[in-house]
């Protein structure tokens, strides 16, 4: 599904990512862990095409993304779930859901979105940025599922949410996955990561320093927590 | 009382012009982040377009009303493609230099061909009389202009809030990067949006032709007030431009009627300065949230 090959990225003179290579297979849920400043968000932005100062190769479903602008990448099946949740002030909830074009073979119909997210149905006429934090996160996920995006790029969807809401996000990601959606997830919450993901990459100072599966994470939890600085 | 009503109607008519021009500026600024200092020149071209339609082509006001804005809209799209779109990656200073330079070029082209003297343009025959309401009489053309301006603003409002195009424009205006990442080609919309804003200025110009002496500098005088309107309302705010446009029109008309002449002249700018001190984002503007 996604292949990142020797990707480097920076801001001006500063290098943020160095020779990052990773792969995500279709139907997998993979997390990127690491301290703040490790380069996780920059990596997601580089894949989306929002960070332009990059070297290396990014392939989606065998297509080299090269210098494609973000909207072309979205149309190839990337679903963007930004760390600030991307709730518009000038669009209603319903408009936010129908704004993106349908890009994948299995878009969620609006009726299904509202069935899975009753809170969004109840507030469909409200300005998107008036939703609670948890509802905004649901909206960000629902928006890309309605697009039929095939690979979700989720930047810390659980940040600042209550355990109940974190659980709901996990349920939705697992459900999306059963429908063939692939997920690349930036996540600080190791416990949550093991409940939704198959594999984990640990980023430190712009490099991938570990590639782990769930058993590794459980066996080495204390060591990893110190890695993450938690 | 009669005088008060008359002044109010005059204020509403002037406010209609301010609102239409400020609305175009707001839509353009929202989408392109370009402050179009050439907006007054396009308004002037609208009035000249109506004048030339009649003189060169024998086309009446009713033909000029739809035709001139469309032609100017196409001209605006051409200019956006040719030069304006280059501004997005440049320092805002270039925005000022380019669009102000365009103003000078357009004004001087018209001056060079037609001179600086005012060209009379008659009120269309059907709107020459007066309308009576009780004991009050209003010039029919002014009432028509007010009604047309309200309709034009309402139509733009409808377009922006009730159609898919409007939704895309709102999304791209508010969060261009996010909107691109959600699969919308934001760059594709900047050209038509600029053309649309220019067409609105042209429409205001056609409407102004029968009320004002058509001359190359007519836009330069008006646009200064319109920029004050835009600052008061909040740069890029649609509702702010329209409400402030009409509000300023009425306030100036009342000041002209009931206060020393100097008050009417400086009122708008005093209000602008006060708003800048009190609410720098404008009455209807939202504070920029850091991305």
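The values are calculated or read from the model by the stated rules, or taken from the named source; none is laboratory data. The structure displayed is predicted, hence computed values, not measured ones. Note that each Cβ is placed from the backbone with ideal geometry, even for glycine, and that neighbours are counted across all protein chains shown.
Residues considered: B:15, B:24. Of these, the only one that is in contact (Cβ under 8 Å) with a residue 12 or more places away in the chain, within 16 Å of residue B:219 (Cβ to Cβ), within 17 Å of the chain's Cα centre (by Cα) and crowded, with 24+ Cβ neighbours inside 10 Å is B:24.
Could you say whether any residue in segment A:111-128 is touching a helix residue (DSSP H, G or I) at 6+ places or on another chain (Cβ under 7 Å), within 19 Å of residue A:176 (Cβ to Cβ), in a loop (DSSP other than H, G, I, E, B) and away from chain B (no Cβ under 14 Å)? Within segment A:111-128 (the criterion being touching a helix residue (DSSP H, G or I) at 6+ places or on another chain (Cβ under 7 Å), within 19 Å of residue A:176 (Cβ to Cβ), in a loop (DSSP other than H, G, I, E, B) and away from chain B (no Cβ under 14 Å)), the answer is yes, since at least one residue qualifies.
Every residue, every condition in (1) modelled with pLDDT of 90 or more; (2) within 20 Å of the chain's Cα centre (by Cα); (3) on the phi < 0 side of the Ramachandran plot, yes or no:
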{"position": "B:235", "(1), (2), (3)": "no, yes, yes"}
{"position": "B:239", "(1), (2), (3)": "no, yes, yes"}
{"position": "B:242", "(1), (2), (3)": "yes, yes, yes"}
{"position": "B:251", "(1), (2), (3)": "yes, yes, yes"}
{"position": "B:255", "(1), (2), (3)": "yes, no, yes"}
{"position": "B:260", "(1), (2), (3)": "no, no, yes"}
{"position": "B:273", "(1), (2), (3)": "yes, no, yes"}
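Residue B:249: closer than 17 Å to residue B:36 by Cα, in contact (Cβ under 8 Å) with a residue 12 or more places away in the chain and in contact with a helix residue (DSSP H, G or I) (Cβ under 7 Å, 6 or more places away or on another chain), yes or no? No; evaluated as a whole, the condition is false for this residue.
For (1) within 14 Å of another protein chain (Cβ to nearest Cβ); (2) buried (at least 22 other Cβ atoms within 10 Å of the Cβ); (3) under 28 Å from residue B:86 (Cα atoms), each residue gets a yes or a no:
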position	(1), (2), (3)
B:190	yes, yes, yes
B:223	no, yes, yes
B:259	no, no, no
B:275	no, no, no
B:279	no, no, no
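The strands (runs of 3 or more DSSP E) located wholly in segment A:137-217 that include 3 or more residues which are under 26 Å from residue A:74 (Cβ atoms) occupy A:151-155, A:182-186, A:199-204. Applying the criterion of being closer than 17 Å to residue B:46 by Cβ, without any contact (Cβ under 8 Å) to a residue 24 or more places away in the chain and surrounded by 12 or more Cβ atoms within 10 Å (Cβ to Cβ) to the residues of segment B:109-156, the residue that is nearest to the chain's Cα centre (by Cα) is B:144. Comparison of B:179, B:161 shows that the only residue that is within 30 Å of residue B:62 (Cα to Cα), within 10 Å of chain A (Cβ to nearest Cβ) and part of a helix (DSSP H, G or I) is B:161.
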